[in-house]
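Written below as structure tokens is the structure these notes are about.
FYI, it's all coordinate maths here, none of it is from the lab. Remember, it's a predicted structure, so these values are computed and weren't measured experimentally. All Cβ positions, glycine included, derive from the backbone under ideal geometry; neighbour counts span all protein chains shown.
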Amino acid sequence: MAELGGKGEVKYFSEEILRKQISVLMRAWGMPEDYISTTAKAMADADACGIDTHGISMLPPYFKRQRGKLISIDGPVTIVNETPVSALVDGGGGLGYVPGVTATKLVIKKAKKIGMASVAVRNSAHFGAAGYYTRMMAGESLVGITTTSAALRKVAPTFGKDAKFSTNPIAFAAPTRRNKTFSLDMATTTVAGGKVRNKYNENLPLPIGWANDADGKPTTDAKVVIEEQGGTQTPLGGTRELGSHKGYGLAAMVEILSCAFSGAKIMASDSDTQKVPGSMDIGHFFLAIDPKIFNPDIPFEESVDQMIDDLHASTPIDPDQPVLVAGEPEDIMRDERKQTGIPVPSGLRSAIEDVCRESNAEFLFI
């Protein structure tokens, strides 16, 4: 059976079933076959390691966007220009998984040949979890950095009421030998946008500090953000006293890297002059570095392993909660979900079932 177990309103499914459900819908929407496997693999991987905000929960929003002609499911992915150390990729207005993997493979190839390389992507859409791409780089013994803009303005700058940025994620990964890959993947907001959406899907309140209402006051109501009632998510830190200016600054940095290099739309601008018809015009940025170019005599991976070992040796506040490093919670969750399956709550199942019905596609989460 597809379901591996159930508890209350939550049912559990294998990663394979998630990939199949994603593939069935993408095929129904007209995505080319050679794009489907790349997209399904990346989306299901997010759920497999506990990033539930970036996997199958994105199917309903993707459905609305392709129906609204905001994305082009079959857009061609092309290399616009290229040098030995750089490239610009055009995403064809489609979902960002194929452009993201294309850019990552390209930046890996260039960095391995010359030591360091970067690739920018324009005319793209949501590409899932940014850490998926940096882990690909680390898997090739490279240090990887990825940033991305997004199409929905939902974050107000510190001291402001109006949304100017999206959650603007940053990912960084470094290869290791003894330990699992060091893999940092973070929004520049207090929480990822998908966490607010998931609370909304299940009709649950937000913790204080995640969002503000139209007057800039803290709110627990996800509707003010999701239903665009003037509510905004907070920059990382939540308030100025807790450092929201740092999250705000990081969001601006991500926008510069992702959009100013590629020519994608700057979200903080009220102008639509850069808007490409049939595209969300999102920009991504990828940087890969071969550690050997700095000092080939020093084992880079050993240095990272030693740092991780030293952090693991920290005395924990709670003996039952050891000190972890970036990427380990996802590694732990991946191992756990291989045994238990991936949880799909009732609200999300219902939303995906509606999408399947409207798409004339088989619904597999039963």
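Points worth noting:
- For the listed residue pairs Lys110/Lys265; Lys180/Lys292; Lys64/Lys199; Lys11/Lys105; Lys195/Lys246; Lys109/Lys195, the alpha carbons are over 24 angstrom apart in Lys110/Lys265; Lys11/Lys105; Lys109/Lys195.
- Sorted ascending by nearby beta carbons within 10 Å, beginning with the fewest, Asp335, Asp305 become Asp335, Asp305.
- Longest site-free stretch - the chain; sites: chymotrypsin sites (Phe, Trp or Tyr not before Pro), DSSP loop, at most 16 other Cβ within 10 Å: 1-158
- Percent of C-alpha pairs per 5 Å bin in segment 191-233, short distances first: 6, 31, 38, 22, 3, 0.
- Rounded Å value of the spacing that divides the Cα centres of segment 274-350 and segment 171-222: 15 Å
- The phi torsions of segment 314-321, fed into the Karplus equation with coefficients 6.51, -1.76 and 1.60 and a -60° offset, translate into couplings of 4, 5, x, 5, 10, x, 7, 10 Hz, rounded to whole numbers, with Gly and Pro shown as x.
- Listed by chain and number, the aspartates and glutamates whose alpha-carbon sits under 20 Å from that of Lys217, ignoring those within fewer than 8 places in the same chain, are Asp162, Glu227, Glu228, Glu241.
- Semi-axes of the equivalent ellipsoid for the chain, computed as √(5λ) from the eigenvalues of its C-alpha gyration tensor and ordered from largest down, come to 29, 25, 24 Å.
- Among Thr146, Thr190, Thr239, Thr167, a tally of other beta-carbon atoms within 10 Å of each Cβ gives an order, fewest to most, of Thr239, Thr190, Thr167, Thr146.
- Segment 131-168 versus segment 56-76: alpha-carbon centroid distance in Å: 20 Å
- Toward the positive end of the charge dipole of the chain, with +1 on the Cβ of Lys and Arg and -1 on the Cβ of Asp and Glu, the farthest Cα among Gly249, Ser279, Ala351 is that of Ser279.
- Compared with the rule-of-thumb size 2.2 N^0.38 Å for a compact globular protein, segment 129-255 has a Cα radius of gyration ratio of 1.13.
- Mean residue ellipticity (222 nm) of the chain, computed from DSSP H runs ≥ 4 via -39,500 (n - 2.57), nearest 500: -11000 deg cm²/dmol
- Aspartates and glutamates with Cα under 16 Å of Lys113, excluding same-chain neighbours fewer than 8 positions away: Glu82, Glu140, Asp290
- Inter-centroid distance (Cα atoms) of segment 92-108 relative to segment 251-268, Å: 17 Å
- For the chain, built as a Gaussian network whose Cα springs stay under 10 Å, the top-fluctuating residue of Ala214, Ala264, Ala187: Ala214
- Fluctuation leader among Glu82, Glu241, Glu15 - the chain, Gaussian network, Cα springs under 10 angstrom: Glu241
- Cα-derived Rg over Rh, computed across segment 282-366 with Rh taken as Kirkwood radius: 1.19
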